[in-house]
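Some notes on the structure that comes next.
Every read-out reported here was derived from the displayed coordinates using simple, explicitly stated rules and does not represent laboratory data. All of these numbers come straight from a predicted model, not from anything done at the bench. Heads up, the Cβs are rebuilt from the backbone with ideal geometry, glycines too, and the neighbour counts pull from every protein chain shown.
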């Protein structure tokens with residue numbers, strides 16, 4: 001894989017998240033019922049940042065933030081290949097009746113979001129679930145769309161969108177990686 | 001990060017779970033970590049994950065064991081698998097069907113996992129060599145009981161926060177105990193110090209080759225131990241001359257109420273169950289806050305869920 005282009009730097013990421021936080025508040029007139037759920041791994045710090053932005057705009061305590069692991073809800077268990085590590089789901093609040101914002105870094109096929117919806121619904125009955133993603137790269141395989149998007153980036157399937165976050169990777173940036181000719185396997 | 005690829009993936013995993021002797025420390029750690037995630041299912045309103053939907057788990061028990069069988073059944077059902085329980089008295093084994101034939105029949109019926117309990121050591125290994133189905137050892141003779149060993153490790157780690165460097169004592173009939181063997185292998189691989197205590201008639205030859213210390217007096221051993229795993233004494237051992245009397249066993253090797261009072265506040269007491277109350281362990285010990293006997297049962301389901309999940313991938317791989 002080689003880096004083809006940088007599609008977001010730290011400043012653009014900050015602006016995008018700030019805009020998304022404003023949009024979330026516009027769509028949710030009752031911020032008291034809001035809660036954020038990040039999909040492991042990079043959705044979790046992004047959910048935290050959005051919650052902090054919402055709190056700063058409103059001048060009130062940040063809405064609760066949870067972490068969701070969707071591994072056990074994936075529909076590709078039969079695929080040949082290694083299984084992903086199962087992490088803990090940490091949602092310390094009752095999801096029932098809340099307006100949830102599900103947060104992930106990249107929206108691609110939509111299968112992760114489908115799994116996340118199944119996982120959330122097993123935890124209770126939220127009033128509403130909205131989806132926020134930093135990057136929408138297209139190639140949906142399911143009828144799923146995001147309510148809040150940081151940036152829409154049309155990509156080729158052979159390309160790979162890599163979101164790097166300070167909390168996980170030590171820096172804030174989004175790059176497109178491209179598979180080099182002759183390179184086998186998945187990125 | 002590509003959607004659909006959540007974090008790092010496991011690299012290698014054995015096709016079967018036959019014993020802790022052949023499992024590396026990394027694999028054991030991975031089971032314990034996965035069990036931690038699985039344990040969350042008990043606190044949720046919907047106590048199920050859809051992970052093994054459409055998979056078939058057959059519990060093939062040639063020896064009666066309600067606890068282990070139920071635990072495997074609940075674990076498989078919590079992952080949405082379909083479960084079939086086969087009690088041997090009702091099966092074609094009584095009509096002369098061999099072990100291997102039975103396993104082949106279940107393979108032909110579309111079984112994905114065969115959970116096997118048998119009185120003879122090595123039966124799960126034989127089946128693993130014969131059929132393509134994934135085989136889980138649920139206890140083979142006096143050899144291994146890997147999921148019990150794993151749930152003991154998990155319980156210790158949950159209660160004590162670590163395994164490495166801990167002094168773990170196994171008390172009782174080590175000679176006939178498959179739990180003791182799995183515990184010893186697992187604990188040693190994760191860096192615990194392991195000791196045994198019990199009548200010399202019930203101690204196997206060559207224990208020292210496993211890196212295990214032996215105490216001849218229980219009270220001395222209890223002073224050393226941070227974790228105590230009390231094994232069940234089977235009453236037929238008395239008839240076969242291994243023990244003079246159950247009363248004497250209790251006096252010399254039983255974890256009695258009186259011995260409990262001398263134990264430190266942070267000691268952890270375990271028992272694989274079912275216990276012979278008043279023989280190897282007293283009622284007061286079982287209900288004491290230092291005992292994790294009930295928790296072991298809950299943890300057993302989480303550990304078995306973890307194992308079933310981790311064995312689920314790599315379809316189509318042979319051997």
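With only Cα atoms counted, the range B:146-297 has Rg and Dmax values of 14.0, 41 Å. Treating r as the C-beta distance of residue B:205 and residue B:287 and R0 as 41 Å, the FRET efficiency rounds to 0.65. Let a ≥ b ≥ c be the square roots of the eigenvalues of the Cα gyration tensor of the range B:151-228; is it rounded (a/c under 1.5), or, if not, prolate (a/b larger than b/c) or oblate? It comes out prolate by the Cα gyration axes.
Defining a contact as two alpha carbons under 8 Å apart and six or more residues distant in sequence, what relative contact order in percent does the range B:98-193 show?
24 percent
Histogrammed with a bin width of 20 Å, the alpha carbon distances of the protein assembly as shown distribute as 21, 44, 28, 7, 0 percent, first bin at zero. Of the residues B:245, B:182, the one with the fewest other Cβ atoms within 10 Å heads the list, and the complete ranking is B:245, B:182.
The angle separating the long axis of helix A:111-121 from the principal Cα axis of greatest extent in chain A is about 30 degrees. Helix B:99-108 sits at what angle to the longest principal axis of chain B, using alpha carbons and giving 0 to 90 degrees rounded to 10? Roughly 40 degrees, rounded to the nearest 10.
For chain B, DSSP calls about 5 percent of its internal beta bridges antiparallel.
Arranged from fewest to most other beta-carbon atoms within 10 Å of their beta carbon, B:193, A:22 become A:22, B:193. Given a Förster distance of 30 Å, report the FRET efficiency between residue B:53 and residue B:294 from their Cβ-Cβ distance, rounded to the nearest 0.05. Calculated transfer efficiency: 0.50.
Rounded, prolate or oblate, given the Cα gyration tensor of the range B:22-92, with a/c below 1.5 counting as rounded?
In terms of gyration-tensor shape, oblate.
For the pair residue A:118 and residue A:90, a Förster radius of 22 Å applied to the C-beta separation gives a FRET efficiency near 0.80, rounded to the nearest 0.05.
The modelled label-to-label distance between residue B:220 and residue B:235, using points 7 Å beyond Cα along the C-beta direction, is 3.3 nm. Here the range A:123-147 is scanned for amide nitrogen atoms under 18 Å from the site 7 Å beyond the Cα of residue B:44 along Cα-to-Cβ, giving A:123-127, A:129.
Using 0.36 nm per residue of separation minus the Cα-Cα distance, give me the extension gain between residue A:169 and residue A:27 in nm, one decimal.
This chain segment gains 48.0 nm when fully extended.
Per 0.36 nm of contour for each residue apart, how much would the distance between residue B:109 and residue B:22 grow if the chain were fully extended, relative to their Cα-Cα spacing?
Length gained between residue B:109 and residue B:22: 28.4 nm.
Take the alpha carbon gyration tensor of the range A:26-124, find the square roots of its eigenvalues, order them as a ≥ b ≥ c, and report rounded if a/c is under 1.5; if not, report prolate when a/b exceeds b/c, else oblate. It comes out prolate by the Cα gyration axes. As a length-normalised measure over Cα pairs under 8 Å and 6 or more apart, the relative contact order of the range B:149-246 settles at 33 percent. Quotient of the Cα radius of gyration of chain A and 2.2 N^0.38 Å, N being its number of residues: 1.03. Taking Cα atoms, how many degrees apart are the long axis of helix B:293-310 and the longest axis of chain B, rounded to 10 and kept between 0 and 90? Relative to chain B, helix B:293-310 is tipped by roughly 30 degrees.
What relative contact order, as a whole-number percentage, does chain B give when Cα pairs under 8 Å and 6 or more residues apart are counted? Kindly include the intermediate steps, with their values, before the conclusion.
Working: 568 pairs, mean separation 62.7, N = 319.
RCO, chain B: 20 percent.
Across chain B, Cα-Cα pairs farther apart than 25 Å form 50% of the total.
Among B:98, B:80, rank each residue by its count of other Cβ atoms within 10 Å, from fewest to most, as a rough exposure measure.
If I rank by nearby Cβ atoms, fewest first, I get B:98, B:80.
Here the extension length gained between residue B:120 and residue B:84 equals 10.7 nm, from 0.36 nm per residue of separation less the Cα-Cα distance.
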